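The values are calculated or read from the model by the stated rules, or taken from the named source; none is laboratory data. Only a predicted model underlies this, so the values are computations on that prediction, with no experimental measurement involved. Methodologically, a virtual Cβ is constructed for each residue, glycine included, from the backbone with ideal geometry; neighbour enumeration extends over all protein chains shown.
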Amino acid sequence: DGGITQSPKYLFRKEGQNVTLSCEQNLNHDAMYWYRQDPGQGLRLIYYSQIVNDFQKGDIAEGYSVSREKKESFPLTVTSAQKNPTAFYLCASSEEGNTEAFFGQGTRLTVV
Amino acid sequence: AQSVTQPDIHITVSEGASLELRCNYSYGATPYLFWYVQSPGQGLQLLLKYFSGDTLVQGIKGFEAEFKRSQSSFNLRKPSVHWSDAAEYFCAVGAWYQLIWGAGTKLIIKP
């Protein structure tokens, strides 16, 4: 089945550590996105990528980094510079020029 | 400024009753419009979308939405809700590679 796979589902991080969230899609979509979701705030865009080896900052990119070395993969690193990383992270993808986004099941990151 | 407003944070309806969730937007041109649903701890699923044409759009799970250009609205409706419809609903508008999201409306179903 085609879809988007995020892993892990739950992730715990100690303060000062970097962590990487995985996102893989087999939909052959060109565009991929990372969103952060906090209660009562909807979704906020962290980074997006339209093609391999290219990505753009979204509204809240500070403290995050991404790479897009393969079309199907768009990992997100939450760095120690991110002041409040505890949140639910959603990865999505879409076809080029089509804004209909397909979502993964999310990763809940908790800083302990 | 571009924005999406979902005025109701929570809505409670009885099972079998009708439902309308409101979405208003501010955007420079007619955008693409979407409604997504999210169950707790899950990703988002597309309910329906409007790109152009007929302003009444049918979606999955018996939902529909009507685009009203004059009111900058894209309200979601369902004639009879089921307990399984309890979830959070998000309206989104945009074009190309960026979407603007509403804060969501949590739907609670009374038995």
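Quick notes on this structure:
- Scanning the range A:37-48 for residues that are part of a strand (DSSP E or B) and either basic (K, R) or more than 9 Å from chain B (Cβ to nearest Cβ) (or both) turns up A:R44, A:I46, A:Y47.
- Here the condition is being without any contact (Cβ under 8 Å) to a residue 60 or more places away in the chain and among the hydroxyl-bearing types (S, T, Y); of B:S18, B:S70, it holds for B:S70 alone.
- Any hit, the range B:52-66, residues being at pLDDT below 95, buried (at least 16 other Cβ atoms within 10 Å of the Cβ), within 14 Å of chain A (Cβ to nearest Cβ) and not in a strand (DSSP E or B): no
- Some residue of the range A:64-79 being surrounded by 14 or more Cβ atoms within 10 Å (Cβ to Cβ), on the phi < 0 side of the Ramachandran plot, modelled with pLDDT under 95 and of a type in the set (F, W, Y): no
- Members of the range B:67-78 found to be of a type in the set (K, R) and part of a strand (DSSP E or B), listed by number: B:K68, B:R77, B:K78
- Filter pass, A:G16 being free of Cβ contacts under 8 Å to residues at least 24 places away in the same chain, away from chain B (no Cβ under 14 Å) and either farther than 29 Å from B:D8 by Cβ or among the acidic types (D, E) (or both): no
- Residue match in the range B:22-44 (condition: touching a Leu at 6+ places or on another chain (Cβ under 7 Å), without any contact (Cβ under 8 Å) to a residue 60 or more places away in the chain and away from every other protein chain (no Cβ under 13 Å)): no
- Selection count where residues are out of contact with any Leu (no Cβ under 7 Å at 6 or more places or on another chain) and more than 14 Å from chain B (Cβ to nearest Cβ), scope the range A:67-112: 15
- When we screen B:V13, B:V37, B:V81 for residues that are of a type outside the set (D, E, K, R), crowded, with 17+ Cβ neighbours inside 10 Å, assigned to a loop (DSSP other than H, G, I, E, B) and in contact with a strand residue (DSSP E or B) (Cβ under 8 Å, 6 or more places away or on another chain), the only hit is B:V81.
- Any hit, the range B:94-101, residues being among the small types (G, A, S), out of contact with any Gly (no Cβ under 9 Å at 6 or more places or on another chain), away from chain A (no Cβ under 14 Å) and under 24 Å from A:Y35 (Cα atoms): no
- Tally of residues being crowded, with 18+ Cβ neighbours inside 10 Å and among the polar types (S, T, N, Q) across the range B:84-106: 1
- Any hit, the range B:30-47, residues being of a type in the set (A, V, I, L, M), modelled with pLDDT under 95 and within 17 Å of A:Q41 (Cα to Cα): yes
- Counting only strands (runs of 3 or more DSSP E) wholly contained in the range A:51-112, the ones carrying 3 or more residues that are in contact (Cβ under 8 Å) with a residue 60 or more places away in the chain and either farther than 20 Å from A:S7 by Cβ or not aromatic (F, W, Y) (or both) occupy A:87-94, A:107-111.
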